Amino acid sequence: MYIEFRKIITLLLIVLSNFTFAQLTGFNNDWVSLGPNEYPTNPKFRIDAGVGPIEFIRVFQKKEGFLLAGSLHGGLFFSENGGDSWMNSGSDAWTYTGCAWADFYPNDENVWFACSNEKGDNGKPGKIKEFGGVLRSKNRGEDWESIGDYKHFAGFQNLKIYGTRFHPNDPNLLLVMTSEGLYYSEECMADYVKWARVPNLKGWVYDLDFLNGKMYLTNFFKGNWNILVFDQDDFSKHAKMNALSEETLTMRNLTIEPQHDHLLVAKDFVEGKDELCILDLKKDSISLFKSNQRIGFGSGHTFAVSPHSPGDFYFGYSTRVRKWTPPYHKMASIGSGYHVDVEFIAYDPFNSKKIYFATHGGVFISLNGGEDWENKSDNLGVSEVMGLAVSAQDSKQIAIGCYHDGSMVHADFNKDGKYYWRTVNGGDGLIPLIDPTNQAIVYTSNQYIGGGLFYSSDTSKKETRNIHSLNNLKTAGWENAAVLDPFKSTTVYFNYLEKAGINKGNINVCRTKNALERKSVEILSDFNLSHKLKSYKVYGLFNSRYHPNVLIAYVLDYTKDAKGNKKTNHRLFRTDKLNSTAEKIRSSWYEIKHPNNSWIGDVAIDGNNANQLYLAYTHGKQNPESIFGDKGLVYALRYSDKRRHALKREIDITKNIPNATGGRYNLLYNKARGGILLVATTTGVYYGDGRLLKGKSRWNELGKGLPHCKVYGLDYNEKDQVVTVGLFGRGVWQYQLK
C-alpha cells in the first residue's frame, strides 16, 4: 500500500513538473505580425483605405533609393529601394515605439537620428516623457542609443521635439527644435554627445530652415508667432522679423520653405481662411501669395518646394494637395490616387518627377509629377487599431476598426486557404464584433457623420447595413460601444446619442434582437431617470459568456465640484436582468463601486463567480507608494453576494507589471487551465492564473518582439490557444500559447 502511494505521488510530481515546464516554454515564443502589412484589398476603391498613418518621409540626398518613414505611434521604417519595400528600423524595441521625426546623417546613409515620443498629440509630435528624446543608430537600426533625453533639454518630461536639422556646412552640428527652445550639439557623432541651448530663446521652435548664410525659425511664445533670424554660424544673438508684427488672427502653426531669395510662409489660422505668403527677407515685408487656403493636415508641413525647379511647389489644401507651377496663376489639382489625408511631402533629389507623400494610409509615390500615384507601403504595418474581434471558430479571421483607415476584415474569403485583409468601410473605424457561432456574421463601425454600427452576414464582402440608421438613431461617434449576446447571437447591445428631450446629448444603451429589422431597437437605460445623472455618456459595455444575463456599463458622469469646476466621474453600473423586458432592465441598473475615479480600460467577470470582477485602468498611479505597494493598474474586486453594489474586497494585482499605459479592451478572463487572466499594456501582454488572481503570485510576460504600443483589443481563442492583440500603431499581432 505504501509503495503504491509512493508511485502515485511520484507520478503526480512528474505530471506537475511537465505541466510547469510546458507553461514556462509557452511564455518564450515570438509574437507574429498579421498586419495589415500591405495595402488591403479595396473593392470599392475607397480613398481612405490604407495600412496606417505615416507622419514624415526623409530622403537621403547623396545616394538614390534610401528613405526613412515614421509614424507617431508605429515607429520608424527604412527602404533602400525607393519605397518598393520597407523594413522596421528596430523601433519596435524602443521603450516608446512612436517616432515623431528622423533623418539620415548627411554623410552616411547607415547612420540615423530619430526622435521618440510616448504618443502623438492629435496628429503632432507628443511628449518625450521619461524614455523618449533623440536616439542614434550607427548601423541601420540594429542598435540604438539615447543621446538626448528630457534631462539634456528643458529638464521636464512634457517636452515635445518637433524635429532636427543639420547645419548645411557642418554635418556634425545637429539642431533640435523643441517646445521649450532650440538645442544643438557640435559633435553629434561623439561617443558622448553634449548639448547646449541657444541663448535668449524661449517658447516653441516649430520649423527651421537655412538660406543665404542665415538660419530662420518659427517661434511661438506668449501667445504670438514670430519668425526669428540668426547668423547660421553664430547662435549667440538673433533678431525678430517685423513682417508678422501686425498679425491679428490667432494661428495654430507657422511653417516656412525657402524659395529663391525669399521664404514661403504658411499661416494655419485657428479660425478664418489660411494663407500662403511671401516673406521678402531684404525688406522684412510680407505679401499675400494665395488666400483662402485650407491647411487640413500635416500641421503646416504638407508643403514642399522643388529642389529642381524652385518655382514649383506642392501645398496641402483640406484633405488634398495642390501644385503650383509657373507660369500658371492658380493652384492646379493633381492626380487623386492617394489617401485623402496627407501629412508630409518630399521631392526625390535625383528625379524631378518623383514625389513622396506621407499619408494616413501609408506612403504614396508619383513618378510623373503627381499625375498618377502608387501605394508603396509593403511591410509598414502601422495601423492604429481602435477595436478588435476574432472568430471563436478560426483565430485567423479577424475584424478591426482603425483610426484613419476605416474597418478591415482578415479572412479566407475565397475558401482556398489564403487569408488577406479587405477594406469594409471608411472613416475612423471603431469597435467590431464577430458572431461566436457563425463567423460569417460580422459587425463593424465608424464614427463619422452617417456612421454607426454595421451588420454583414457574409464576412463583409457585400454591402453592410447600418443598424443606427435602420433604427433612426444617432451614432455615439468616438464613444461607440457594442457587445454581442454570447448565446443569442442575433442580439447586440450598443450605445447611441440621444437627439431630443431631457436626455439630449447624453449617450444611452439599447439592444436589437434582429440587426436587419427596422425600428427593432429597445432602449435599455435612462440614467437621468434611474440615478439622477444630468449629463453623461455610456462609454463602454462589458459582458461575459459565463454570465449571459449580466451587462456592465461604464458611464462618464459630467458634474462640477464645490468650486464650480468641471469634473468627470468614472462610474460603473450593472444589470443582471438581460433576460427581462426593456422596461425591467431600465429600472434594474445598480452602481458598483471601484477603487479609483480614473479612466477605465476594461472590465472582466470571473467565470465561476459573477460577483468577482477584474478591472484595468488605462494608467497606473504616477507615484506608487513603493514597488510592492498599490500600483493602481489592475484589480481583483469582490462584491457582496447580498448587497451586490457593495465592494467587499479589493486587491491590487498589478504586481510585477511595469507602470505603463494600459489601453482599452485590454483585459480578458477565460476558464481555460482552471481560470486565466490576460492583461495588455504598452510594455507587453501578461498571463496570470491560480494564485495570481488572488494577488498571491506574479505575472508571466508572454513572448518577445511585441512593439510597445497602446492596446485596443485583446482576444484568447480557446480552440487554437492563440492570443491576439490590436495595437494602436502596429496593427494586429498573435501569439501561440501552448
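The values are calculated or read from the model by the stated rules, or taken from the named source; none is laboratory data. This one's a predicted model, so the numbers in the text were calculated from it and none came from an experiment. For neighbour counting, all protein chains shown are included, and Cβ atoms are generated from backbone atoms with ideal geometry for every residue, glycine included.
Scanning the stretch 415-430 for residues that are hydrophobic (A, V, I, L, M, F, W, C) and out of contact with any Gly (no Cβ under 6 Å at 6 or more places or on another chain), we see that the one that is nearest to Pro43 (Cα to Cα) is Val424. Of the set (1) of a type in the set (Gly, Ala, Ser); (2) over 30 Å from the mean Cα position of the chain (by Cα); (3) surrounded by fewer than 19 Cβ atoms within 10 Å (Cβ to Cβ), all apply to Ser535 but (2). Within the stretch 24-58, restricting attention to residues that are of a type in the set (S, T, N, Q) and at pLDDT 90 or above, the residue that is surrounded by the most Cβ atoms within 10 Å (Cβ to Cβ) is Asn37. Exactly one residue among Tyr443, Tyr419 is of a type in the set (Phe, Trp, Tyr) and surrounded by fewer than 21 Cβ atoms within 10 Å (Cβ to Cβ), and that residue is Tyr419. Condition check for Gly141 on (1) among the small types (Gly, Ala, Ser); (2) out of contact with any helix residue (DSSP H, G or I) (no Cβ under 9 Å at 6 or more places or on another chain); (3) not in a strand (DSSP E or B): one failure, at (2).
Taken together, the residues in the stretch 688-733 that are assigned to a loop (DSSP other than H, G, I, E, B), over 25 Å from Asp435 (Cβ atoms) and not basic (Lys, Arg) amount to 11. Count of the stretch 643-694 residues, restricted to those that are under 20 Å from Leu714 (Cα atoms) and among the acidic types (Asp, Glu), is 1.
For the stretch 133-148, check the following and say yes or no: at least one residue is out of contact with any Cys (no Cβ under 7 Å at 6 or more places or on another chain), under 28 Å from Arg252 (Cβ atoms) and surrounded by fewer than 18 Cβ atoms within 10 Å (Cβ to Cβ). Scanning the stretch 133-148 turns up no residue that is out of contact with any Cys (no Cβ under 7 Å at 6 or more places or on another chain), under 28 Å from Arg252 (Cβ atoms) and surrounded by fewer than 18 Cβ atoms within 10 Å (Cβ to Cβ). Does the stretch 581-594 include one or more residues that are at pLDDT below 95 and either surrounded by 16 or more Cβ atoms within 10 Å (Cβ to Cβ) or not hydroxyl-bearing (Ser, Thr, Tyr) (or both)? No, every residue in the stretch 581-594 fails to be at pLDDT below 95 and either surrounded by 16 or more Cβ atoms within 10 Å (Cβ to Cβ) or not hydroxyl-bearing (Ser, Thr, Tyr) (or both). Note on the stretch 622-636: among residues that are at pLDDT 85 or above and either assigned to a loop (DSSP other than H, G, I, E, B) or aromatic (Phe, Trp, Tyr) (or both), the one that is farthest from Ile600 (Cα to Cα) is Lys631.
Among the candidates Leu182, Leu208, Leu217, Leu228, single out the residue that is more than 27 Å from Ser287 (Cα to Cα) and assigned by TED's automatic domain parsing to the domain that holds Lys282.
Within the list Leu182, Leu208, Leu217, Leu228, the selection yields Leu182.
This table checks each residue for (1) without any contact (Cβ under 8 Å) to a residue 60 or more places away in the chain; (2) over 19 Å from Thr724 (Cβ atoms).
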| position | (1), (2) |
| --- | --- |
| Ile400 | no, no |
| Lys415 | yes, yes |
| Asp435 | yes, no |
| Thr444 | yes, no |
| Tyr455 | no, yes |
| Asn472 | yes, yes |
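Only one entry of Tyr539, Tyr558 meets the criterion of being farther than 13 Å from Asn508 by Cβ, at pLDDT 95 or above and among the hydroxyl-bearing types (Ser, Thr, Tyr), and that entry is Tyr558. The residue list Lys655, Lys648 contains one member that is of a type in the set (Lys, Arg), without any contact (Cβ under 8 Å) to a residue 60 or more places away in the chain, over 24 Å from His708 (Cβ atoms) and not in a helix (DSSP H, G or I), which is Lys648. Of all residues in the stretch 609-631, none that is over 19 Å from Lys593 (Cβ atoms) and among the acidic types (Asp, Glu) has its Cβ atom under 7 Å from the Cβ atom of a residue that is at pLDDT 80 or above and surrounded by fewer than 17 Cβ atoms within 10 Å (Cβ to Cβ), 6 or more apart or on another chain.
Against the numbered list (1) closer than 22 Å to Glu384 by Cα; (2) among the polar types (S, T, N, Q); (3) crowded, with 24+ Cβ neighbours inside 10 Å, Thr654 comes up short only at (1). Could you say whether any residue in the stretch 669-686 is part of a helix (DSSP H, G or I), in contact (Cβ under 8 Å) with a residue 40 or more places away in the chain and either closer than 23 Å to Ser89 by Cβ or not acidic (Asp, Glu) (or both)? Within the stretch 669-686 (the criterion being part of a helix (DSSP H, G or I), in contact (Cβ under 8 Å) with a residue 40 or more places away in the chain and either closer than 23 Å to Ser89 by Cβ or not acidic (Asp, Glu) (or both)), the answer is yes, since at least one residue qualifies. Do we find a residue being modelled with pLDDT under 95 and among the aromatic types (Phe, Trp, Tyr) anywhere in the stretch 431-445? The answer is no, given that none of the residues of the stretch 431-445 is modelled with pLDDT under 95 and among the aromatic types (Phe, Trp, Tyr).
Restricting attention to the stretch 77-111, the residues being surrounded by fewer than 21 Cβ atoms within 10 Å (Cβ to Cβ), assigned to a loop (DSSP other than H, G, I, E, B) and more than 22 Å from the chain's Cα centre (by Cα) number 7.
Determine whether the stretch 690-704 contains at least one residue that is closer than 26 Å to Asp405 by Cα and either buried (at least 24 other Cβ atoms within 10 Å of the Cβ) or modelled with pLDDT of 95 or more (or both). Write out each step before concluding.
Start the filter on the stretch 690-704 by keeping residues that are closer than 26 Å to Asp405 by Cα, which leaves none.
For the stretch 690-704, residues closer than 26 Å to Asp405 by Cα and either buried (at least 24 other Cβ atoms within 10 Å of the Cβ) or modelled with pLDDT of 95 or more (or both): absent.
If you scan the stretch 148-192, which residues turn out to be free of Cβ contacts under 8 Å to residues at least 12 places away in the same chain and either among the hydroxyl-bearing types (Ser, Thr, Tyr) or not in a loop (DSSP other than H, G, I, E, B) (or both)? Scanning the stretch 148-192 gives a single hit, Tyr192.
Residues in the stretch 463-521 that are in a strand (DSSP E or B), in contact with a Ser or Thr (Cβ under 9 Å, 6 or more places away or on another chain) and of a type in the set (D, E, K, R): Arg465, Arg511. Of the candidates Leu263, Leu217, Leu244, the single residue that is closer than 30 Å to Trp144 by Cα, over 29 Å from the mean Cα position of the chain (by Cα), free of Cβ contacts under 8 Å to residues at least 60 places away in the same chain and crowded, with 16+ Cβ neighbours inside 10 Å is Leu217.
Scanning the stretch 389-430 for residues that are more than 29 Å from Thr475 (Cα to Cα) and assigned to a strand (DSSP E or B) turns up just one, Tyr420. The listed residues are Ala604, Ala610, Ala562, and the only one of them that is in the same structural domain as Ile657 (by TED's automatic domain parsing) and either touching a His at 6+ places or on another chain (Cβ under 6 Å) or more than 22 Å from Tyr669 (Cα to Cα) (or both) turns out to be Ala610.
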